[in-house]
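Derivation of every value follows stated rules applied to the coordinates shown; laboratory data play no part. Everything numeric in this text was worked out from a predicted model, so none of it was measured. Using ideal geometry, Cβ is built from the backbone for each residue, glycine included, and neighbour counts are taken over all protein chains shown.
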Amino acid sequence: AGRPTAGRARAARLVAGIVALVSLVGTGLHLHGNYEAGPLDRSYGERWDAMSLAERWWAAATGAVGPAPALASGVLIIGAACVFGATIGRTDDDR
């Protein structure tokens with residue numbers, strides 16, 4: 001099988017970059033969805049307006065409110081980082 005060519009490594013990094021970008025957007029959408037669901041939450045609904053902005057966003061990020069797992073899409077960033085790390089200095093052209 002051998003090592004990938006520099007072109008294939010660049011292509012893999014490009015795809016990983018796109019995946020990382022989409023992952024960031026997805027994480028943001030999940031966080032926003034959870035934040036918007038805060039006033040409807042059984043536990044936080046009555047006190048949502050009294051909470052500070054930081055407390056609200058923390059509740060949304062940790063999954064205390066809302067239906068969306070905020071970090072589920074963030075896991076894709078780890079995969080993208082692995083692809084970047086695995087392709088640095090690993091091509092036939094680097095020998």
It is to be established whether one or more residues within region 43-54 are among the hydroxyl-bearing types (Ser, Thr, Tyr) and touching a residue at least 24 places away in the same chain (Cβ under 8 Å). no
Would you be able to tell me the number of residues in region 57-77 that are among the β-branched types (Val, Ile, Thr), more than 26 Å from LEU14 (Cα to Cα) and not in a loop (DSSP other than H, G, I, E, B)? 1
Among the candidates GLU46, GLU36, residue that is acidic (Asp, Glu) and out of contact with any Gly (no Cβ under 8 Å at 6 or more places or on another chain): GLU46
If you go through region 39-56 one residue at a time, how many are acidic (Asp, Glu), loosely packed, with under 11 Cβ neighbours inside 10 Å and either under 25 Å from the mean Cα position of the chain (by Cα) or outside any helix (DSSP H, G or I) (or both)? 1
Of the residues in region 2-17 that are in a helix (DSSP H, G or I) and among the basic types (Lys, Arg), the one that is nearest to the chain's Cα centre (by Cα) is ARG13
